[in-house]
Amino acid sequence: MSQTTRETMEYDVVIVGAGPAGLSAAIRLKQLDPDLEVVLLEKGSEVGAHILSGAVLDPVGLNLLIPDWKEKDAPVTVPVTQDKFYILGEGGQVRVPNFPMPPLMNNHGNYIVSMGNVCRWLAEQAEALGVEVFPGMACSEIVYGEDGSVKGVVAGEFGRNSDGSEGPNYEPGMELHGKYVFLGEGVRGSLAKQVMEKFDLSAGHEPQKFGLGMKEIWEVDPDKHHEGRVVHTMGWPLGKNAGGGSFIYHLDNNQVYVGFVVHLNYKNPYLYPYMEFQRFKHHPMVAELLKGGKRVAYGARAISEGGYQSMPKMVAPGVALLGCSVGMVNVPRIKGNHNAMLSGMAAAEAAHDAIKAGRQGDELPDYETAVREGAIGKDLKKVRNVKPLWSKFGLTTSLALGGMDMWTNSFGFSLLGTMVHGKTDAEATELAARHKPIDYPKPDGKISFDRLTNVSFSMTNHEESQPAHLKLKDPDIPVDFNLPKYAGPSARYCPAGVYEFIEEDGKAPRFQINFQNCVHCKTCDIKDPAQNIVWTTPQGGDGPNYPNM
């Protein structure tokens, strides 16, 4: 911990991250006991600024948390009216009928939403109950007690120079202490990662697996808009190069969410996920929808895909991991927000009972039990083999086997047991010598766009005088190891153009980090073959400013 002297503030519960998990935890704590002192810290400039999700929301968590959400004007107003699934070839598509799919794949009763706007609304509900919500407060350090338990966090440090020294306007931030600390930072949270390593929380569990989700918001021709329509595709353009697929969600106001997910366990280091997304939009079915329309926003975020067998231990002394810090996405349903909300509520109930009993700074085993044995565990256990099947057998075989396994799991058993994931996504990357470069068509500027132009539609901003928040354990590895062995994959896997290998005047290549472009997706922290890049939080308020992702 830093030796800087800081003021401290004491709370009953300190929550890091104003996503659906953290907000649900804050609300539930105040519902259980209005006198509890609860603080919620968010690194984005406002609540929702860093939230990016598909999203089709299963309202099960919202129904439990705020049963009268409709009367309270929650921004959950576009029910799913059509559910379509296609397998794409380069020039056409085949629709997969809905009837053979397991019931859990049905979107009836779900809603197309902006999770950013849902979180903004949840923050209003939390503040009305007395939760202290502080956006623009990045949490940069864990504070440990003398006994080694998690005691709090450091938040609100500003004004360091690029070399890490204290600048003229340096503010040391504050220590916020709690009887319990909840980490709801989302996928690959920087503090959650530290806690998992310190307390060895992944021991005995499969490695977490990830996907990279990229999303654009389009305003389309009203004649092509079908409010409430949900479309998912698999197949082209990824083919055998990677697992993944797309989503196209028609919300209100002639807007459509167009998204693309690439599983990060791909082998070929020449794969360029962002360009796969741009190429996908030129499929005739998609291009016809977008023709004459206008892209109005872009963003990207990693997705936890390991599921049931990859969930680490969720508690350690004084701390609990919530939502995507654990990894609670149901991969075939492409849904995790409902489980994030349920996890926040379960953590709140466990902490409330512990505080009421006079405890603090210990583990909350009741929370872990509620997750693994309750609705979240049941939701994820049914689909636990879909991801490893896909990774092992590819699209066609895994569709058949995965569908069969989900059907049998609906009746409480699986012929496959629980399959393992094996390698991490970083370890899955193979040497460049084993693969051929992939030729990607140049974006046309109408339907497809170059990476840096699209990043400007994420409204990303970082104070350039601060230290780069993307750290290299060894500054020589990118040029000396990753470039010759893996063809410098960071220049391609980053969806924001942060990493470049620059060659000039016959000199040896140099590695450049354009951290100002970073949209906080965490792909680099996940996919780097040498695990040499460490994502840390920049100063509060920096990063993307998503309008209604």
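The values are calculated or read from the model by the stated rules, or taken from the named source; none is laboratory data. Note that the structure is predicted; figures quoted are calculated from it, not measured. No Cβ is skipped: glycine too gets one built from the backbone with ideal geometry, and neighbour counts run over all protein chains shown. Each accessible area value is taken on the protein alone, full model and side chains, heavy atoms only, with ligands, DNA and RNA left out. Shrake-Rupley method; radii C 1.70, N 1.55, O 1.52, S 1.80 Å.
Values as computed for the structure displayed
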item: Rounded to whole Hz, the Karplus (6.51, -1.76, 1.60) HN-Hα couplings of the range 179-193, x for glycine and proline; result: 5, 9, 10, 9, 10, x, 7, x, 4, 6, x, 5, 6, 4, 4
item: Candidates per GluC sites (Glu not before Pro) in the range 495-549, loop by DSSP, up to 12 other Cβ within 10 Å; result: 503, 504
item: Segment residue 531-residue 35, length gained on full extension (0.36 nm per residue, minus Cα span); result: 174.1 nm
item: Accessible-area composition of the range 411-474, carbon plus sulfur, in percent [1.4 Å probe]; result: 56
item: Probe 1.4 Å, accessible area per residue of the chain, Å²; result: 40
item: From phi via Karplus (6.51, -1.76, 1.60), per-residue ³J(HN,Hα) for the range 525-537 in Hz, x at Gly/Pro; result: 5, 8, 9, 3, x, 8, 6, 9, 9, 10, 7, 10, 7
item: Net length gained if the chain between residue 165 and residue 453 were fully extended (0.36 nm per residue, minus Cα distance); result: 100.4 nm
item: Extension gain, residue 291 back to residue 407 (0.36 nm per residue minus Cα-Cα distance, nm); result: 37.9 nm
item: Sparsely packed chymotrypsin sites (Phe, Trp or Tyr not before Pro) within the range 428-495, loop by DSSP, other Cβ within 10 Å at most 15; result: none
item: MRE, 222 nm, helices only [DSSP H, n ≥ 4, -39500 (n - 2.57), over the chain, to nearest 500]; result: -7000 deg cm²/dmol
item: Computed Kirkwood radius, in angstrom, where 1/r is averaged over Cα pairs of the range 202-345; result: 16.7
item: Rounded to whole Hz, the Karplus (6.51, -1.76, 1.60) HN-Hα couplings of the range 357-371, x for glycine and proline; result: 7, x, 8, 6, x, 9, 7, 10, x, 5, 5, 4, 4, 4, 5
item: Cα-based shape type of the range 440-549, given that a ≥ b ≥ c are square roots of the gyration tensor eigenvalues and the cut on a/c is 1.5; result: oblate
item: Shape call, the chain: gyration tensor on alpha carbons, a/c limit 1.5; result: rounded
item: Rg to Rh, two decimals, where the range 126-170 supplies the alpha carbon set and Rh follows Kirkwood; result: 1.12
item: Share of carbon and sulfur in the accessible heavy-atom surface of the range 328-391 [1.4 Å probe, %]; result: 49
item: Relative contact order for the range 302-415, counting Cα pairs under 8 Å that sit 6 or more residues apart, in percent; result: 26
item: Taking the range 140-182 and dividing mean pair separation by its residue count, relative contact order in percent (alpha carbons under 8 Å, at least six apart); result: 38
item: Modelled FRET efficiency - R0 41 Å, residue 395 with residue 476, Cβ distances, 0.05 increments; result: 0.60
item: Packing rank of 325-333, 203-211, where each peptide gets the mean count of other beta carbons within 10 Å, highest leading; result: 325-333, 203-211
item: Relative packing of peptides 155-166, 531-542 - highest average C-beta neighbours within 10 Å first; result: 531-542, 155-166
item: Over the chain, relative contact order from alpha-carbon pairs under 8 Å, at least 6 apart, %; result: 21
item: Trypsin sites (Lys or Arg not before Pro) lying in DSSP loop within the range 48-149, provided at most 15 other Cβ fall within 10 Å; result: 70, 72
